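The values are calculated or read from the model by the stated rules, or taken from the named source; none is laboratory data. As the structure is a computational prediction, the values presented were derived from the model and not from experiment. Neighbour counts run over all protein chains shown; Cβ positions are idealised from the backbone, glycine included. With ligands, DNA and RNA removed, areas are computed over all heavy atoms of the protein, side chains included. Shrake-Rupley method; radii C 1.70, N 1.55, O 1.52, S 1.80 Å.
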Amino acid sequence: MAEKKKLTIGMFSGDLDKALAGFMLATTAASMGMDVSIFFTFWGLNIIKKNEGRIKSKGIMRKMLNIINRGGSKRLKLSRFNMFGLGTWMIKRLMKEINQPSLDEMITMAKDMGVKLIPCTTTCGMMGLSEDAFRGETSDLAGAAYFLAEASESKVTLFI
Amino acid sequence: MAEKKKLTIGMFSGDLDKALAGFMLATTAASMGMDVSIFFTFWGLNIIKKNEGRIKSKGIMRKMLNIINRGGSKRLKLSRFNMFGLGTWMIKRLMKEINQPSLDEMITMAKDMGVKLIPCTTTCGMMGLSEDAFRGETSDLAGAAYFLAEASESKVTLFI
Amino acid sequence: MAEKKKLTIGMFSGDLDKALAGFMLATTAASMGMDVSIFFTFWGLNIIKKNEGRIKSKGIMRKMLNIINRGGSKRLKLSRFNMFGLGTWMIKRLMKEINQPSLDEMITMAKDMGVKLIPCTTTCGMMGLSEDAFRGETSDLAGAAYFLAEASESKVTLFI
């Protein structure tokens, strides 16, 4: 009876707007006393990549992919109206005006509130990403079976 | 036992095709006797903006955003094959041919069937949208906590 | 008590990356003993179209649509970094390197594991697709009400 309600998010997208939606929901849920896990896969991994330094990976194709698809919360763009960066810059400004924390701050907040941030083993393998590609707030890698087990026990599961 | 099953949709996208999918599911669920809420956030707010008149907002950036991102159910475009409007026009024609109501009609139908249409407080604040930007079918604004509470009690929750 | 847990996926998108995510989850769930249904709608129908031959449909607009929007698991492209096919080719190569089956193989595997692959009646009607547009692994067409009924009994429902 005293069990906590759970929210599981499968974060597939690496767009700034979808990442914001995901982290707004995650931090709100945590503040409501829910147990929250976010599982990052495909482009979603970009959200939790380190903002600094280079991403190391083996093989020419993976090296290329990790240059084109660099990621890091500060580099994400809007899914529409990016307009060569102008739209993205505007949204960040508007968020500041209403005292909304930045995505970067929300990631740290989420971790502090107990939200688990989990990179997907399979896509990490495919893209040549090891745990040191990700920021400190990130948990150990886990696979699709883990996501499904968490989701099965969740009141709410979202694929974003 | 006599409790109604619930469907909650988080409508993030403002693409015509995704809006159609959302409203087809919402109206079908309502016709099956389910309780339905659609929570509109980010680009999804465009779906329930008034089709007529100008959107008023304060500050030069918000004014610009609400011109570029005008919205209204009759102005939405397909997420792919828009082809400068040709694809969007074709889909609308094809829907008419199979006697499928238009998105605009489905919004009114949904409301008549008891579907709740709720704009997200936070993105409205960010984008400078007040309640009079939205059509008459829309309910009062509500935040992420409200969405999560509804979703927690729902048999089915979809993020579109 | 001995009831099987259920996963229902609403597959709206026809992008290669999202299709891969959907089928990885579906096959993993099936291997965990879950009951899995994937419901294909809009662009998602492209995933299960036959790779060979022409798609037959009536009327000039539907014929055009089915040429532009040809589909078939081998023709899908990434939602980002397609780069005129280079990115898509790279992802396929990287998957092979980590011994991940191709999408085409995963569809067959899924069927063999008991995953139900269901095309949406309404979008098939709109796009002029009949059952012989789809590959052999596909079940009979079904509507939104069927999807919602399945989802209502599912532990996990995802809209991809």
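Suppose we filter B:Asn69, B:Asn82, B:Asn99 for residues that are open to solvent by 50 Å² or more (accessible area, probe 1.4 Å) and among the polar types (S, T, N, Q); which single one remains?
Of the residues listed, the single one that is open to solvent by 50 Å² or more (accessible area, probe 1.4 Å) and among the polar types (S, T, N, Q) is B:Asn99.
Considering each residue of the range B:44-54, count those that are at pLDDT below 90 and open to solvent by less than 30 Å² (accessible area, probe 1.4 Å), and give that number.
The total comes to 0.
Only one of A:Lys58, A:Lys77, A:Lys6 is surrounded by 14 or more Cβ atoms within 10 Å (Cβ to Cβ), more than 8 Å from every other protein chain (Cβ to nearest Cβ) and over 23 Å from B:Leu148 (Cβ atoms). Can you tell me which? Don't jump to the end; show me each part of the working.
Numbers: A:Lys58 fails: surrounded by 14 or more Cβ atoms within 10 Å (Cβ to Cβ); A:Lys6 fails: over 23 Å from B:Leu148 (Cβ atoms).
Step by step, each of A:Lys58, A:Lys77, A:Lys6 is checked, and only A:Lys77 is surrounded by 14 or more Cβ atoms within 10 Å (Cβ to Cβ), more than 8 Å from every other protein chain (Cβ to nearest Cβ) and over 23 Å from B:Leu148 (Cβ atoms).
Quick one: would you say A:Arg93 is without any contact (Cβ under 8 Å) to a residue 40 or more places away in the chain, over 16 Å from B:Phe159 (Cβ atoms) and assigned to a loop (DSSP other than H, G, I, E, B)?
It is false that A:Arg93 is without any contact (Cβ under 8 Å) to a residue 40 or more places away in the chain, over 16 Å from B:Phe159 (Cβ atoms) and assigned to a loop (DSSP other than H, G, I, E, B).
If B:Thr41 passes every condition in (1) touching a Lys or Arg at 6+ places or on another chain (Cβ under 9 Å); (2) away from chain C (no Cβ under 14 Å); (3) at pLDDT 90 or above but one, which one does it miss?
For B:Thr41, the exception is condition (1).
Inside the range A:61-74, can you point out the residues that are within 10 Å of another protein chain (Cβ to nearest Cβ) and over 19 Å from the mean Cα position of the chain (by Cα)?
A:Met61, A:Arg62, A:Met64
Got a sec? Which of A:Met24, A:Met34 is open to solvent by 20 Å² or more (accessible area, probe 1.4 Å), touching a residue at least 12 places away in the same chain (Cβ under 8 Å) and within 9 Å of chain B (Cβ to nearest Cβ)?
A:Met24
Within the range B:137-153, can you find the residues that are farther than 17 Å from A:Ala21 by Cα, without any contact (Cβ under 8 Å) to a residue 60 or more places away in the chain and within 17 Å of the chain's Cα centre (by Cα)?
B:Ser139, B:Asp140 - these are the residues of the range B:137-153 that are farther than 17 Å from A:Ala21 by Cα, without any contact (Cβ under 8 Å) to a residue 60 or more places away in the chain and within 17 Å of the chain's Cα centre (by Cα).
Looking at (1) touching a Ser or Thr at 6+ places or on another chain (Cβ under 7 Å); (2) facing another protein chain (nearest Cβ under 8 Å); (3) part of a loop (DSSP other than H, G, I, E, B); (4) not basic (Lys, Arg), which is the one condition that is false for A:Asn51?
(2)
Evaluate the range B:124-137: report whether one residue or more is within 14 Å of chain A (Cβ to nearest Cβ) and loosely packed, with under 15 Cβ neighbours inside 10 Å.
yes
Consider the range C:85-96. How many of its residues are open to solvent by less than 60 Å² (accessible area, probe 1.4 Å), within 13 Å of chain A (Cβ to nearest Cβ) and of a type outside the set (S, T, N, Q)?
The number of residues fulfilling the criteria is 5.
Looking at the range A:140-148, can you tell me whether even one residue there is aliphatic (A, V, I, L, M) and over 30 Å from A:Gly59 (Cα atoms)? Can you show your working first?
We begin by selecting, within the range A:140-148, every residue aliphatic (A, V, I, L, M); these are A:141-142, A:144-145, A:148.
Still in the running and over 30 Å from A:Gly59 (Cα atoms): A:148.
So far as the range A:140-148 goes, yes, one or more of its residues are aliphatic (A, V, I, L, M) and over 30 Å from A:Gly59 (Cα atoms).
Going through the range C:138-160 one residue at a time, which ones are open to solvent by less than 20 Å² (accessible area, probe 1.4 Å), assigned to a loop (DSSP other than H, G, I, E, B) and of a type in the set (A, V, I, L, M, F, W, C)?
Across the range C:138-160, the qualifying residue is only C:Ile160.
Going by the conditions given, is C:Gly14 in a loop (DSSP other than H, G, I, E, B), away from chain A (no Cβ under 14 Å) and open to solvent by less than 20 Å² (accessible area, probe 1.4 Å)?
For C:Gly14, the condition - in a loop (DSSP other than H, G, I, E, B), away from chain A (no Cβ under 14 Å) and open to solvent by less than 20 Å² (accessible area, probe 1.4 Å) - is met.
Pairs only if they're at least six apart or on different chains, beta carbon under 6 angstrom, first in the range B:50-73 and touching a residue at least 12 places away in the same chain (Cβ under 8 Å), second crowded, with 18+ Cβ neighbours inside 10 Å and of a type in the set (Lys, Arg); list them, first residue then second.
B:Lys50/B:Arg135; B:Gly71/B:Lys49; B:Gly72/B:Lys49
Could you list, in sequence order, all residues of the range B:78-90 that are over 25 Å from B:Ala29 (Cα atoms) and outside any helix (DSSP H, G or I)?
Listed by number, the residues that qualify are B:Arg80, B:Phe81, B:Asn82.
How many residues are at negative phi and assigned to a loop (DSSP other than H, G, I, E, B) when one looks only at the range B:101-127?
Total satisfying the criteria: 4.
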